[in-house]
Amino acid sequence: MPELDSNPKSIQSIYSWYSEGKLFVNRRYQRKLVWTLDEKQKLIESILKKYPVPAILLAERGSGSYEIIDGLQRLHTIVSFVETAFPSHDGKNFDVSQFPTAKLRRDNGDFDIEDGGDLLSPAEVATFLDYSVAISVMRGASEADIDDVFGRINTYGHQLSDQERRQAGVQDDFSNLVREVACELRGDASSDILTLGEMPAISIDLPKTKHGYAVVADQVFWVKQGILRSTDLRDSMDEQCIADIAASIIGGKIVNRSKEAMDAVYETGNSEKQRISDALEVYGTEKFGDELKYCVAEMLEVCNAGAPKKLRDIIFTKPTSNAFPATFAVLVIAFHEALIGGKKKIGNYEQVKKAITGLNARIDTGRRSATPDERRANVNSIKGLIAGALIDSDLKAVYNNHSAIDIESLIRRSELELPNYELKQGILVLNDPRKVDPGIFGKVVQTLCAIANNGKDRPGSLIVGVTDKDSDAKRIESLDQISPIKVGSRFVVGVKREAKALGQTTEAYFTQWRDAVRNSELSDPLKGDVLSNMDYNDYFGLGLVVITVPAQKELSYVGDKVFWREGDQTVEATNPKKVAELAARFF
């Protein structure tokens, strides 16, 4: 049985925990950062007025670290106010110069502050830092204990949306599948455990809030295609849509589109939940995830065929700002049944685009359209409309290959998980005349070795055809006459342009990369694992080489040299002590 230890902690102490990386967030059940500016400012105002604020619940995780169970929004608000991310209600920023711990982080470049503006007085800074927050710490708690407590706290909370309540109330294969697919479609996929300081990197910036979070709502698939409004993301409507689609496909019959039906899928002890759980165990979570992402990626190819259009402008022939999650759900189910169930692939994307143009007026979208029978009729209608554009397929492209969704997820993760990912714009220098960088293949092999040496259970990837430099993207656009695609803060420039400049086919270009790895001194079994996991992806006609580095069980070498990742840099381990430290990662 876990023990509960309750002790107040000053904000100064809480910030010290944060700065030392001792506060962690578990994404299996925690929400993203969702508070509005007004909500944040009200908390700061309460602290400055010495009003009571709700207690924080943590779980001790050893080595003086803590997992946040309840109070994520409050904790992040407190530390981000200290780091001048937003002002108080009366327009005052925290005076970092009055707090040595924060000043040191600022001086080290951990955060920036805006020059000018009003600051809290020294007395107000002291009041803020000395304020005691009620902290309760669960000691000796198991994963099951934490899941149970979190579910109970948030089930009774009135601020959660219906879908957030469902996801918080239970942790099982279905809820984890929904969460993971949703993260990949939103572009905020990451490891399950993050520090509190990393949360802005996977949180969504809404148009009217602009907190500076890394995931911009207008660039998220759901909003970019007009399926949902940006505010819907805050209430996890994307996860609700995925849950509806998943339950309908995995369970073998289309479910009613209603709150009650979705509650039943999540409710412990409900026969519908048991039916879906049993079906998923047979179906397989990874298999379904691959299929759903493939269908969505094919839908994006349809949108980009000919003159690119967002999905909403295809579905609705008249201009509208309406969201259409219900229509999107039946469209995905129809694509899944036609492509996966029918063992087909799209032979003519422009024909499919024409077939679903004005779809909203060609299927039933009235009140009765939420019933299983009407949804089935709509699915059948869509399948009939696109049938003529489909050809036979062996479905090899569906499973264990990178879809456009997977590619974008990897690129976005590279911004947060620097040691596990590397991006290369290509093999040609960006000068005239164009020539191959003589050291590029050797550097890449060293980086593959370094990624492998991150430790057991830590896979990674290297993607060729992506740059993180705006200047390089513009230079490539000028040299190769292509239009880069922005993903997060990165730019996909592709490798087809390089194959063309070299007078090669894409197959010959890809073989050049494979041969570079095959002929290298990369140690086994890493070399064999990398060769088995190299992939060429067309990615909207630009082309990418994706080299996956599977998790290794032992230290890897290039010849007799060992390499490791220091942030996003590849470094040779020349010190025997460092080599031993790297080897210890695999014990």
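The values are calculated or read from the model by the stated rules, or taken from the named source; none is laboratory data. Everything numeric here is computed off the predicted structure, so don't read it as measured data. We place every Cβ from the backbone using ideal geometry, glycine too, and count neighbours over all the protein chains shown. The accessibility values were calculated without ligands, DNA or RNA, using every heavy atom of the protein model including side chains. Shrake-Rupley method; radii C 1.70, N 1.55, O 1.52, S 1.80 Å.
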### Query
Identify, please: which residue in region 540-568 is at pLDDT 95 or above and at positive phi and is, among those, least open to solvent (accessible area, probe 1.4 Å)?
543
### Query
Hey, among the residues in region 94-122 that are open to solvent by less than 70 Å² (accessible area, probe 1.4 Å) and hydrophobic (A, V, I, L, M, F, W, C), which one's modelled with the lowest pLDDT?
113
### Query
Being open to solvent by less than 10 Å² (accessible area, probe 1.4 Å), in a loop (DSSP other than H, G, I, E, B), modelled with pLDDT of 90 or more and not hydroxyl-bearing (Ser, Thr, Tyr), is that true of even one residue in region 432-453?
yes
### Query
If you check 198, 301, which single one turns out to be in contact (Cβ under 8 Å) with a residue 12 or more places away in the chain, surrounded by fewer than 22 Cβ atoms within 10 Å (Cβ to Cβ) and either of a type in the set (Ser, Thr, Tyr) or within 30 Å of residue 40 (Cβ to Cβ) (or both)?
198
### Summary
For helices (runs of 4 or more DSSP H) lying entirely in region 279-395, having 2 or more residues that are of a type in the set (A, V, I, L, M) and more than 17 Å from residue 248 (Cβ to Cβ) picks out 285-304, 311-315, 349-356, 372-386
### Message
Taking the conditions exactly as written (under 17 Å from residue 127 (Cα atoms), out of contact with any Ser or Thr (no Cβ under 9 Å at 6 or more places or on another chain) and open to solvent by 30 Å² or more (accessible area, probe 1.4 Å)), does residue 54 satisfy them or not?
### Response
no
### Task
Could you list all residues from region 180-216 that are over 20 Å from residue 231 (Cβ atoms) and touching a helix residue (DSSP H, G or I) at 6+ places or on another chain (Cβ under 9 Å)?
180, 181, 184, 189, 190, 191, 194, 195, 196, 197, 198, 201
## Note on the structure
Checked region 25-51 for anything open to solvent by 30 Å² or more (accessible area, probe 1.4 Å) and aliphatic (A, V, I, L, M); matches are 37, 48
### Query
Listed residues 521, 498; which is open to solvent by 60 Å² or more (accessible area, probe 1.4 Å), touching a residue at least 12 places away in the same chain (Cβ under 8 Å) and among the charged types (D, E, K, R)?
521
### Query
For residues in region 24-44 being outside any loop (DSSP other than H, G, I, E, B) and β-branched (Val, Ile, Thr), which is nearest to residue 77 (Cα to Cα)?
44
### Message
Criterion first (surrounded by fewer than 18 Cβ atoms within 10 Å (Cβ to Cβ) and aliphatic (A, V, I, L, M)) does residue 571 satisfy it?
### Response
yes
### Task
Report whether or not residue 253 is open to solvent by 20 Å² or more (accessible area, probe 1.4 Å) and farther than 26 Å from residue 84 by Cα.
yes
### Task
Output yes when any residue across region 159-171 is surrounded by 19 or more Cβ atoms within 10 Å (Cβ to Cβ), out of contact with any His (no Cβ under 6 Å at 6 or more places or on another chain) and modelled with pLDDT of 90 or more, and no when none is.
no
### Message
Please count how many residues of region 69-117 are part of a helix (DSSP H, G or I), over 15 Å from residue 130 (Cα atoms) and of a type in the set (S, T, N, Q).
### Response
4
### Query
So is residue 323 under 28 Å from the mean Cα position of the chain (by Cα) and among the small types (Gly, Ala, Ser) or not?
yes
### Considering residues of region 404-431 that are assigned to a helix (DSSP H, G or I) and β-branched (Val, Ile, Thr) only, the residue surrounded by the most Cβ atoms within 10 Å (Cβ to Cβ)
411
### Query
For region 259-284, which residues satisfy the criterion of being of a type in the set (Ser, Thr, Tyr) and either modelled with pLDDT under 95 or surrounded by fewer than 15 Cβ atoms within 10 Å (Cβ to Cβ) (or both)?
266, 268, 271
